[in-house]
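A short reminder: the numbers here are calculations on the coordinates, not readings from a lab. Quick caveat, the model's predicted, so the values are computed rather than measured. Reconstructed Cβ throughout: ideal geometry from the backbone, glycine too, with neighbour counts over all protein chains shown.
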Amino acid sequence: MDQDKLEELRELVDFLKANGIAEFDMERTDLKVRIKFAGASAADLALAQQLMSGSGGGNIPSLGSTPAPAAPVETVAEEKLHQVTSPIVGTFYDSPSPGSPAFVKPGDQVDVGQILCIVEAMKLMNEIESDVAGEVVKRIASTGQPVEYGQPLFAIRPR
Amino acid sequence: MFRKVLIANRGEIALRVISACREMGIRTVAVYSEADRNSLHVRFADEAICIGPPKSSESYLNVPAVISAAEIADVDAIHPGYGLLSENANFAEVCRASNIKFIGPPPEVTRMMGEKSTARQTMKKAKVPILPGSDGVIATEAEALEWAKTVGYPVMLKAAAGGGGRGMRICRSAAELPALFQQASSEAAGAFGNGDLYMEKFIERPRHIEFQVLADEHGNVLSLGERECSIQRRHQKLIEEAPSLMVTPKLRAELGQTIQRCMKDVGYWNAGTIEFLMDEDGKIYFIEMNTRIQVEHCVTEMVTGIDMVKAQLRIAAGEKLSEIITKPVTVTGHAIECRINAEHPEKFTPSAGKITAFNLPGGMGVRVDTAQYAEGVVPPYYDSLIAKLICHGQDREEAMNRMQRALSQFVVQGIHTTIPLHQKIFEDAEFRAGKFDTKFMERFFERQGHKADATAEDHFSPMQPIRLSGTIHG
């Protein structure tokens with residue numbers, strides 16, 4: 001399998017895991033994929049189907065390829081977490097520079113205005129601040145990932 | 001040829017460009033605001049990136065957002081459509097600096113032809129007739145009389161320091177000029193603190209005639225003939241047609257040649273339209289140039305058989321015009337376009353909302369360019385154009401009849417549209433006879449007003465005086 005496909009698959013697996021999807025089938029002219037995580041349930045399957053129907057031809061839900069009409073996907077925990085979304089289009093980085101430690105990690109307490117990440121746009125590094133105070137529950141975007149306006153970056157449990 | 005193109009626009013023109021790209025095997029990237037999440041141009045693009053909230057200034061007009069989207073999607077080129085950023089020379093420059101091909105003219109040319117006075121100078125040098133103007137302040141009545149004598153009446157006196165109709169007078173003879181000169185000057189002094197005036201030739205009943213050009217990036221230019229766009233309401237075009245009944249083959253050929261030479265000298269690239277006014281004697285005068293593809297490009301496509309958007313893509317990819325247009329340009333038959341707006345057909349108030357029924361006409365010689373659909377929502381943030389209905393026929397008569405048939409089968413429910421207005425225009429004797437100018441719609445509304453019965457719906461409810469009763473206790 002070539003590098004591109006492998007990369008696509010990794011992104012797909014990340015996406016499925018991040019959104020708590022347990023089972024996923026897809027068939028394209030160039031690729032057929034069946035993924036099943038331990039503990040599959042009917043509810044997860046329904047969510048996967050809902051996401052699939054939003055896309056035109058079974059595209060991998062990578063960078064904004066299709067705007068899914070489904071409601072914002074929540075994490076596996078049922079509680080309503082606050083999502084910090086990107087205010088700009090660009091590339092997400094979780095640390096100030098390659099190799100340096102991430103700005104924040106799950107479990108960290110953050111304040112309003114605290115820098116969570118960088119979104120790079122047109123060679124400018126834009127520091128993205130938290131709009132709530134609370135605990136970082138999860139980092140939704142991955143370093144190096146292209147993000148669009150409104151794309152969820154972090155889930156925070158407000159205090 | 002480009003591998004991937006980003007379309008920096010929305011609505012029907014975004015879909016138009018996406019369609020041309022698809023036919024050419026070019027991958028497409030749509031950008032959209034949150035209000036356009038369920039748009040057709042988003043759905044039919046290969047990739048789509050949300051670039052901002054509903055307001056245009058924060059999304060479609062947001063240059064960093066558009067460029068950033070182009071970068072992360074790794075596109076080769078950007079097609080700007082019409083409106084929005086299409087004539088923004090700064091945007092074209094940022095594209096160039098970012099190594100993204102802007103599908104249009106070079107920024108310097110956009111700037112030059114977009115600026116009214118430099119455009120006029122450029123055309124004047126190229127011997128393209130321009131609307132005579134004094135190009136400077138007319139200091140005295142004597143100067144004014146002199147200038148008016150050389151140019152010919154009627155003329156317009158205009159305030160140099162401001163606009164909006166103040167300090168403006170139309171003068172139709174030498175006899176009335178001195179008095180009007182004084183009036184205009186005092187009014188200007190009062191409104192702008194400056195009584196200086198300049199003068200322009202005034203055309204009473206002008207016809208709006210524009211010429212379409214295509215230029216490659218190797219110095220070759222072709223005129224694709226004219227369109228007539230005289231049916232306008234408040235300077236907004238409602239109906240366009242090609243060819244114009246007023247343009248003879250001789251004028252088409254001669255003006256075409258002149259324009260081709262001029263655009264070559266200017267170093268123009270890609271698609272452009274040169275707008276003229278024609279006076280009652282058939283003389284034409286340059287008014288301005290649009291350095292982009294236009295809404296009404298479709299009527300030219302129907303009569304010439306040339307796909308203009310594909311031509312734009314191919315030109316920007318470096319192809320020569322001779323490879324793109326392989327036969328002499330000919331005009332076949334007659335085409336008319338009606339702009340269908342989401343507006344009340346009489347009050348012209350914008351009508352945003354959900355479309356509950358949407359049936360498009362089809363059949364021989366009927367084309368609809370639209371990005372709307374049943375259950376689609378017309379958002380309140382953008383212009384009101386929701387569809388273009390274009391009909392082609394062997395002659396104007398057939399095109400008109402076809403349009404009437406197509407309008408009668410164009411069903412839109414849930415919002416108001418200007419379809420009923422177009423239907424009335426196509427029944428109008430003056431329109432059918434081709435006897436019109438840019439004042440047509442004013443006269444048309446007057447005729448419509450006279451036709452309305454006493455029993456007709458009253459659109460104007462007079463204000464009832466408020467009666468206050470009761471005593472005020474101290």
Task: Listed residue (B:Leu360, B:Leu238, B:Thr330) projecting farthest to the positive dipole end of the range B:216-371, Cβ model - done: B:Leu360
Task: Least to most buried among B:Cys50, B:Cys262 (fewest other Cβ within 10 Å first) - done: B:Cys262, B:Cys50
Open item on the list: Rg/Rh for the protein assembly as shown to two decimals, with Rh computed the Kirkwood way over all alpha-carbon pairs.
Closed with: 1.04
Task: Reachable lysines from B:Lys283, criterion Cα separation under 19 angstrom, eight or more residues apart if same chain - done: B:Lys124, B:Lys125, B:Lys127, B:Lys149, B:Lys201, B:Lys250, B:Lys435, B:Lys439
Task: Other-chain or far-sequence residues with amide H under 5 Å of B:Ala160's (modelled H) - done: B:Asp196, B:Leu197, B:Tyr198
Open item on the list: Taking amide H atoms as placed 1.01 Å from N in the peptide plane, list the residues 5 or more away in sequence, or in a different chain, whose amide H sits under 5 Å from that of B:Leu385.
Closed with: B:Ala342
Task: Net lengthening on full extension, B:Ala179/B:Asn194 (0.36 nm per residue, minus Cα-Cα) - done: 3.6 nm
- [ ] In whole Hz, with x marking every Gly and Pro, tabulate ³J(HN,Hα) for the range B:104-119 from phi via Karplus 6.51 cos²θ - 1.76 cosθ + 1.60, θ = phi - 60°.
- [x] x, x, x, x, 5, 6, 4, 4, 5, 7, x, 8, 4, 6, 5, 4
Task: Inter-label distance, nm, simple model (7 Å from Cα along the C-beta direction), B:Gln394/B:Glu375 - done: 4.3
- [ ] Provide the gained length on full extension for the span A:Arg157 to A:Val13, in nm with one decimal, where the gain is 0.36 nm per separating residue minus the Cα-Cα distance.
- [x] 49.3 nm
Task: Cross-link partners of B:Lys116 among aspartates and glutamates (Cα-Cα below 13 Å; sequence separation of 8 or more within a chain) - done: B:Asp135, B:Glu275, B:Glu288
Task: Proxy reagent accessibility, fewest Cβ within 10 Å first, across B:Phe192, B:Phe102, A:Phe24 - done: B:Phe192, A:Phe24, B:Phe102
TODO: For the pairs B:Lys347/B:Lys424; A:Lys5/A:Lys123; B:Lys264/B:Lys310, note any where the Cα-Cα span goes beyond 18 Å.
DONE: A:Lys5/A:Lys123; B:Lys264/B:Lys310
Open item on the list: Within the range B:365-393, list the residues whose amide N lies under 19 Å from a label point set 7 Å along Cα→Cβ of B:Arg234.
Closed with: B:379-387
TODO: Tell me the label-point distance for the pair B:Asp265, B:Val137, using the 7 Å Cα-to-Cβ offset, in nm and rounded to one decimal.
DONE: 3.1
Task: Cα gyration tensor category, rounded, prolate or oblate, for the range B:298-346 with a/c compared to 1.5 - done: oblate
Task: Inter-label distance for B:Gln409 and A:Ala102, nm, one decimal - labels placed 7 Å from Cα along Cα-to-Cβ - done: 5.9
Task: Whether the range B:141-201 is rounded, prolate or oblate, judged on the alpha carbon gyration tensor where a/c under 1.5 counts as rounded - done: prolate
Open item on the list: Among B:Pro206, A:Leu9, A:Leu124, whose Cα projects farthest towards the positive end of the dipole of the protein assembly as shown, with charges put on the beta-carbon of Lys, Arg (+1) and Asp, Glu (-1)?
Closed with: B:Pro206
Task: Theoretical ellipticity at 222 nm over chain B - DSSP helices of four or more residues, -39500 (n - 2.57) apiece, nearest 500 - done: -9500 deg cm²/dmol
TODO: Just need the relative contact order of the range B:28-128 here, percent rounded to a whole number, with Cα pairs under 8 Å and 6+ apart.
DONE: 18
Task: Phi to ³J(HN,Hα) by Karplus 6.51 cos²θ - 1.76 cosθ + 1.60 over the range B:57-63, Hz, x for Gly, Pro - done: 4, 9, 10, 4, 9, 7, 4
Open item on the list: Can you report the principal axis dimensions of the range B:123-225 using only the alpha carbons, biggest first, rounded to whole angstrom?
Closed with: 52, 27, 24
Open item on the list: Checking the a/c ratio against 1.5 first, then a/b against b/c, what shape does the Cα gyration tensor give for chain B?
Closed with: rounded
Task: Mean Cα-pair separation over length for the range B:207-451, i.e. relative contact order, pairs under 8 Å, 6 or more apart, % - done: 20
Task: ³J(HN,Hα) computed for each position of the range A:83-90 - Karplus, 6.51 cos²θ - 1.76 cosθ + 1.60, integer Hz, glycine/proline x - done: 9, 8, 10, 6, x, 9, 8, x
TODO: With both partners inside the protein assembly as shown, how many of the DSSP beta bridges are antiparallel, as a percent to the nearest 5?
DONE: 85
Task: For B:Phe436, distant residues with modelled amide H under 5 Å away - done: none
Task: Percentage relative contact order, chain B, counting C-alpha pairs under 8 Å, at least six apart - done: 14
Task: Residues B:Ser33, B:Ser322, A:Ser97 arranged by fewest to most Cβ contacts within 10 Å - done: A:Ser97, B:Ser322, B:Ser33
Task: Lys/Arg +1, Asp/Glu -1 at C-beta; the range B:6-74 dipole; positive extreme among B:Ala20, B:Gly52, B:Tyr32 - done: B:Ala20
- [ ] Could you pull out the GluC sites (Glu not before Pro) across the range B:166-229 that fall in loop regions by DSSP (anything but H, G, I, E, B) with no more than 15 other Cβ atoms inside 10 Å?
- [x] B:Glu176, B:Glu204
TODO: Note down the magnitude of the dipole of the range B:31-164 about its Cα centre, charges +1 on Lys and Arg C-beta and -1 on Asp and Glu C-beta and zero elsewhere, to the nearest 20 debye.
DONE: 540
